[in-house]
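See below for the structure under consideration.
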Amino acid sequence: MNGVRSNQDDADATAGPAPDDGHDLAPDDADQLADPALDGVELRHLRGFLAVAEERSFTHAADRLRIGQPALTRAVRALEATLGVRLLDRTTRRVALTDAGRRLYADLAPLLPRLAAALRSPAGPGLLRLGFTSLLPAACGTLVTEFKAATGAKVRLVRRDTPLAGLETGESDVVVLRGEVPRDAGLRTALLFREPRVAAVPRAAAPGSLARRRVLDWAELAELPLVVNTVTGTTRPELWPADRRPRLACTAGNFDEWLEAVAAGHGVGVAPEGVAERHPHPRIRYVRLKNAPPVPVRLALPARDADPLAERFFALGGQHRR
């Protein structure tokens, strides 16, 4: 009862804390937890720093985190003040990591997903964050349905226009990636299927009768200016022979910019087949390609310390390979 203390309370207070069956922290662990460098560091500071480090932009990072840019700026500055080191070099035109920022990013990126998983685990029904870039393949719908039925977990779809679809920043637990995955990315991958490509042709600015063609040969594109999504796209001039490659007309940093650049007539684009059905545009005509290399579609998760639900989803995906 409030305001009442028993003799047992006094005895317990005098005796000090009871032993915890041998599970007390070791002295070294206790010293680490008492490290002054940890004082004042909050999870939102770390998430904010990682997002800016990935986006190289406070504006884009704030959009990703769904917070205001001033709040994000304060979070990053608070982290720098606590650590006593500058993590980012800022100008009116660009944001770059300092040497200290690069070291912190390399250490934090794999740790934040583990922390998030630890905090989610006692909270009730599991949640899997499935990351993707511009377009989640339709075939993944069946995989998600089977996973939810098998585990009882919820699935949150996370679109991130980054090369690893949010896996590198801890915003996704497992991701669907198109194209080749860097060998040094620290990931395990499983091929799901290979997806045909189509050409995206601007209706107004297409040379000759290009926009009226039903089929184009892959080799024909070598004579045309190419619009390339350099962040999440899967088509670059290097896919053609070295002596006969398309000219790079312009680049885009995400799918939406790529789509509008093609529509504006800057050049021809190449995309996975599903784009034609799910992203129609009044100023673009999608044309079937023959002899084009297909796009590999893979599941990916961290090679170490992956979320247990991500492991389940990854294993189930292996059964759906076709």
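The values are calculated or read from the model by the stated rules, or taken from the named source; none is laboratory data. Owing to the predicted nature of the structure, the values given are computational and were not obtained by experimental measurement. Note that we place each Cβ from the backbone using ideal geometry, even for glycine, and neighbour counts take in every protein chain shown. To get the accessible areas, we keep the full protein, side chains included, count just its heavy atoms, and leave off ligands, DNA and RNA. Shrake-Rupley method; radii C 1.70, N 1.55, O 1.52, S 1.80 Å.
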* Asked: Looking at 313, 255, 297, which one has the Cα that reaches farthest to the positive end of the dipole of the stretch 249-322 (charges on Cβ: Lys, Arg +1; Asp, Glu -1)?
  -> 297
* Rg and Dmax of the stretch 206-322 over Cα atoms: what are they, in angstrom? -> 17.1, 54
* Exposure ranking of 283, 236, 247 by accessible area [1.4 Å probe, largest first] -> 247, 283, 236
* Asked: Once the piece of chain linking residue 203 and residue 98 is laid out straight, how much longer is it, given 0.36 nm per residue of separation minus the C-alpha distance between them?
  -> 33.3 nm
* Share of pairwise Cα separations in the stretch 46-103, more than 14 Å, in percent -> 48 percent
* **Protein-only accessible surface order, largest first, of 285, 278, 103, 304 at 1.4 Å** => 304, 103, 278, 285
* Structure fact -> Given Cβ charges of +1 for Lys and Arg and -1 for Asp and Glu, the option among 127, 147, 101 whose Cα lies farthest towards the positive end of the dipole of the stretch 73-175 is 101
* Asked: Counting only the heavy atoms of the protein chains, how much of residue 251 is accessible to a 1.4 Å probe, in Å² to the nearest 10?
  -> 80 Å²
* In the stretch 136-229, carbon and sulfur make up what percent of the accessible area (probe 1.4 Å)? -> 50 percent
* Which shape class applies to the stretch 46-144: rounded if a/c is under 1.5, otherwise prolate when a/b exceeds b/c and oblate if not, where a ≥ b ≥ c are the square roots of the Cα gyration tensor eigenvalues? -> prolate
* Please work out whether the stretch 155-266 counts as rounded, prolate or oblate from its C-alpha gyration tensor, where a ≥ b ≥ c are the square roots of the eigenvalues and a/c under 1.5 means rounded, while otherwise a/b larger than b/c means prolate and anything else oblate? => prolate
* Structure fact -> Debye calc, one equal point scatterer per Cα of the stretch 136-220, no solvent, log10 I(q)/I(0) at q = 0.12 1/Å comes to -0.59
* To do: Work out how much length residue 69 to residue 150 would gain on full extension: take 0.36 nm times their residue separation and subtract the Cα-Cα distance, in nm to one decimal.
  => 25.1 nm
* What distance in nm separates the simple spin-label points at residue 214 and residue 59, each placed 7 Å from Cα in the Cβ direction? -> 4.6 nm
* Asked: With every protein chain in place, what's the accessible area of residue 203 (1.4 Å probe, Å², nearest 10)?
  -> 130 Å²
* Asked: Which percentage, to the nearest 5, of the DSSP beta bridges contained in the stretch 86-196 is antiparallel?
  -> 25 percent
* Structure fact -> Inter-part gap, Cα centre of the stretch 264-281 to Cα centre of the stretch 198-261, in whole angstrom, is 9 Å
* **Prolate/oblate/rounded label for the stretch 274-322 (Cα gyration tensor, a/c 1.5)** => prolate
* Structure fact -> For residue 279 the rounded accessible area (nearest 10 Å², probe 1.4 Å, non-protein molecules ignored) is 40 Å²
* To do: Work from the charge dipole of the stretch 152-240 (Cβ charges, +1 for Lys and Arg, -1 for Asp and Glu, about the Cα centre) and give the residue of 186, 226, 198 farthest towards its positive end.
  => 198
